[in-house]
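Novice: My structure is below; once you've seen it, I'll send some questions.
The values are calculated or read from the model by the stated rules, or taken from the named source; none is laboratory data. Everything numeric here is computed off the predicted structure, so don't read it as measured data. As a convention, Cβ positions derive from the backbone with ideal geometry for all residues, glycine included, and neighbour counts pool all protein chains shown. These area figures cover heavy atoms from the full protein model, side chains too; ligands, DNA and RNA do not enter into them. Shrake-Rupley method; radii C 1.70, N 1.55, O 1.52, S 1.80 Å.
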Amino acid sequence: MSTVVVEIRPGEGGDDAVAFATELTDAVSAHARRHGCRATVRTGRTITVTVTGRHAAGLRLHDLTGTHRIQRIPRNDRAGRRHTSTATVAVLDAVATVGPGLSRDDVDIDVYSGSGPGGQHRNKTEQCARLTHRPTGLVVVATASRSQRQNIEAAFAELERRLGAAAVEAAEADRNRVRRTQIATGERPQKQWTWNDQRAEVVDHSTGARYPMAAFRRGRFDLR
């Protein structure tokens, strides 16, 4: 079982760009279902299609990345003027549950006596714990308990939390980088795909391939 996340955003073109993004969403969902995968759609300013199934990672969804441009007369234009609208498609791996992978062999443990209020026991026994994670240099201190063991365990729990948060932040930064690489600004000149309503075809500018628009809307990206 694998999962792929498709992000679709309206670009230039106002209401017609929003409508175009919805049409792209329908095409992506249809393509997923044709190949036995489940497509879960979450709407908003960014439409997210989560595709799950045995063959999700092998679908041709990555071919759709970039800026899509459509040339047509919008239904709400009473003057019959031809418009150009855009929408962007980014295809990302699902957000994995990021584990910090903490090995206690990578941690130096120092214990020491407390200072300040707390009485003779706090000031003369080594109940405080300081952990140093050697691979990252992260230091965590725990002093709340009068038990050395409890402070050590509390420090390990906090260290795992911080390492996990750092891993999630790094993973999201990598996703943002991939997203920016795929969609750029979403402006009309940066088209990777053109949907020509007059010719009823979709053109992939990276390969020069042309697809029947009706089939493309049904998720038939393999037809030319």
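Novice: Would you check the accessible area of residue 83, probe 1.4 Å, heavy atoms only, in square angstrom rounded to 10?
Specialist: Here the accessible area works out near 60 Å².
Novice: Moving on to the next point. In square angstrom, what is the accessible area per residue of region 1-79 with a 1.4 angstrom probe?
Specialist: Spelled out: the 1.4 Å probe surface of region 1-79, per residue, equals 52 Å².
Novice: May I pose another question? So what is the relative contact order for region 146-217, in percent, with contacts set as C-alpha pairs under 8 Å and at least six apart?
Specialist: RCO, region 146-217: 14 percent.
Novice: Hey, another quick one. Computed FRET efficiency, Cβ-Cβ of residue 43 and residue 209, R0 25 Å: what is it to the nearest 0.05?
Specialist: The pair residue 43/residue 209 has a calculated efficiency of 0.25.
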